[in-house]
Amino acid sequence: MTARGDEILDGADPVWWRRAFGELFGTFLLVLASVGPGVVNQRIGEEAVSRTATVLAPGLMLASIILFMGAISGAHLNPSVTIAFALRRDFPWRRVPGYLAAQFAGAVAAGGLLAGLLGGHGTAGLTVPGPGIGTSLALVWELILTVGLLSAILGTASGAQNVGPLAAIAVGGYLALAGLWASPLTGASMNIARSLGPALVYGQPRAWWAYLLGPLLAVPVAVVVAQLLRGSGGSRTSRRAAQGTVRH
């Protein structure tokens, strides 16, 4: 264990509430950007927001959130990211439940806002398997896509490859590029909270287990890949990237 003040591995984190709120607010914004374009298109008319803009919006939003929120909470915004960081020994397990609760709360809040303002139109932004894509195949695709996303995150956060602000471009860029070609298959969610939060609000968790198990099963795979490519986690640099650097 490192000295207190470098990593937050003890129970006395004076800004824990700030980190948790950062995850809630960041996930709220990310889900708005992910679900919102579909809602707008159904409410106003098809192609009010182009398909390209629809898939680029979450990636650009994620990059922005990483830049302004990364120092506070690490900007996980995704349950799979939090669990992967914990498995890599970059994030304390005792903090995982709080982060997951904040992420799901943010996702549900975003779905609730869209439902409150736009009613049933919010269902347009839910992630569902595309035509000809069964639930099992959707699970496989979500697993593959999430492994790539986690690899980008763990790689840019590692002690040997920490790239600072460029990590936002790498991670946001991956999310956008994956969405460009894979969104017709599954919606390219790669995020349990993003899929299940709005689905719970609307009571339409179609194929929910694919969007739960796919990203979850991707976590150990991505951690093994990171171990093979980057070595063991737990360095001071990667811990600070995963936990944030704000101390008071």
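The values are calculated or read from the model by the stated rules, or taken from the named source; none is laboratory data. The structure presented is a predicted model; accordingly, all values stated were derived computationally and were not measured. Positions of Cβ are generated from backbone atoms using ideal geometry, with glycine treated the same way; all protein chains shown enter the neighbour counts.
Could you identify the single residue in Phe104, Phe68 that is modelled with pLDDT of 95 or more, farther than 20 Å from Gly234 by Cα, surrounded by fewer than 23 Cβ atoms within 10 Å (Cβ to Cβ) and aromatic (Phe, Trp, Tyr)?
Working: Phe68 fails: modelled with pLDDT of 95 or more.
On inspection, the qualifying residue turns out to be Phe104.
Which pairs have Cβ atoms under 6 Å, sit 6 or more apart or on different chains, and link a residue in the range 19-32 that is among the acidic types (Asp, Glu) to one that is crowded, with 22+ Cβ neighbours inside 10 Å?
Glu23/Ser73; Glu23/Tyr99; Glu23/Ala102; Glu23/Gln103
Pick from the range 71-101 the residues that are part of a helix (DSSP H, G or I) and in contact with a Ser or Thr (Cβ under 9 Å, 6 or more places away or on another chain): which of them is modelled with the lowest pLDDT?
First, the residues of the range 71-101 that are part of a helix (DSSP H, G or I): 71-73, 79-87, 93-101.
Checking the rest, the ones that are also in contact with a Ser or Thr (Cβ under 9 Å, 6 or more places away or on another chain) come to 71-72, 80, 85, 95-96, 99-100.
Working: Ala71: 89, Ile72: 92, Ser80: 98, Phe85: 97, Arg95: 94, Val96: 97, Tyr99: 98, Leu100: 98.
Among them, the one singled out is Ala71.
Please go through the range 204-225 and pick out each residue that is at pLDDT 95 or above and over 11 Å from Leu139 (Cβ atoms).
Result: Val219, Pro220, Val221, Ala222, Val223, Val224, Val225.
Please indicate, with yes or no, whether at least one residue in the range 4-15 is at pLDDT 90 or above, in contact with a helix residue (DSSP H, G or I) (Cβ under 8 Å, 6 or more places away or on another chain) and either aliphatic (A, V, I, L, M) or on the phi > 0 side of the Ramachandran plot (or both).
No, because not a single residue in the range 4-15 is at pLDDT 90 or above, in contact with a helix residue (DSSP H, G or I) (Cβ under 8 Å, 6 or more places away or on another chain) and either aliphatic (A, V, I, L, M) or on the phi > 0 side of the Ramachandran plot (or both).
Pick out, from the range 136-244, the helices (runs of 4 or more DSSP H) lying fully within it that include 2 or more residues that are within 14 Å of the chain's Cα centre (by Cα) and buried (at least 18 other Cβ atoms within 10 Å of the Cβ).
Fully inside the range 136-244 and qualifying: 166-186, 192-202, 208-230.
Which condition number does Ser50 fail, the rest of (1) of a type outside the set (Asp, Glu); (2) closer than 16 Å to Gly244 by Cβ; (3) surrounded by fewer than 19 Cβ atoms within 10 Å (Cβ to Cβ) being met?
Going through (1) of a type outside the set (Asp, Glu); (2) closer than 16 Å to Gly244 by Cβ; (3) surrounded by fewer than 19 Cβ atoms within 10 Å (Cβ to Cβ) one by one, Ser50 breaks only (2).
One residue is enough: does the range 65-77 have a residue meeting the conditions polar (S, T, N, Q) and within 25 Å of Leu180 (Cβ to Cβ)?
Within the range 65-77, none of the residues are polar (S, T, N, Q) and within 25 Å of Leu180 (Cβ to Cβ).
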